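Everything below concerns the one structure shown next.
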């Protein structure tokens, strides 16, 4: 929320467009090449958005916690004031990156594996997820 005492409008909602740019913008250090939007959910509930400057950007979401499922996903860009998105659709797309696949490689994964001579059967056809669960239960019970 907007902190009137410190004139700090770094927040997750439409206040990004309600206040003057000089109240919500910050000049990044020369070594901070990215504008970062970090979205956090706990137990699949939206909890926070943090915006700022960053030295690096992670394309992967990070899941932490035992008993509480906290997921952090970053979105980065390299132009001035480029991290001003605040729509629900934007957050949904960003957080959908937390669901990865064992059969669909991440961006750059195939090339990375080839350089290290790591072989992974990306081309194997996989049954829908619900069928995989049934197969797993039958194998365990047998």
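Values quoted throughout were computed directly from the atomic coordinates according to the rules given, and no laboratory measurement underlies them. What you are looking at is a predicted structure, and each value in this text was computed from that prediction instead of being measured. With ideal geometry, Cβ positions are generated from the backbone for all residues, glycine too; neighbour counts draw on all protein chains shown.
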### Query
Going by average Cβ neighbours within 10 Å, how do the peptides 53-66, 35-48 rank, with the highest at the top?
35-48, 53-66
### Task
Can you tell me how much longer the chain between residue 53 and residue 21 gets when fully stretched, taken as 0.36 nm per residue apart minus their C-alpha distance, in nm with one decimal?
10.0 nm
## Note on the structure
Along principal axes, largest first, the alpha-carbon spread of the range 16-80 in whole Å comes out as 40, 28, 13
### Query
So for 31, 112, fewest C-beta neighbours within 10 Å to most, what's the order?
31, 112
### Task
Would you mind checking the range 43-85 for residues with the amide N under 15 Å from a putative spin-label position 7 Å along Cα→C-beta of residue 118?
60
#### Entry: Ranking of 75, 20, 69 by count of other Cβ atoms within 10 Å, fewest first
20, 69, 75
#### Entry: Computed FRET value (nearest 0.05) for residue 33 with residue 92, which takes r as the C-beta separation and R₀ as 22 Å
0.25
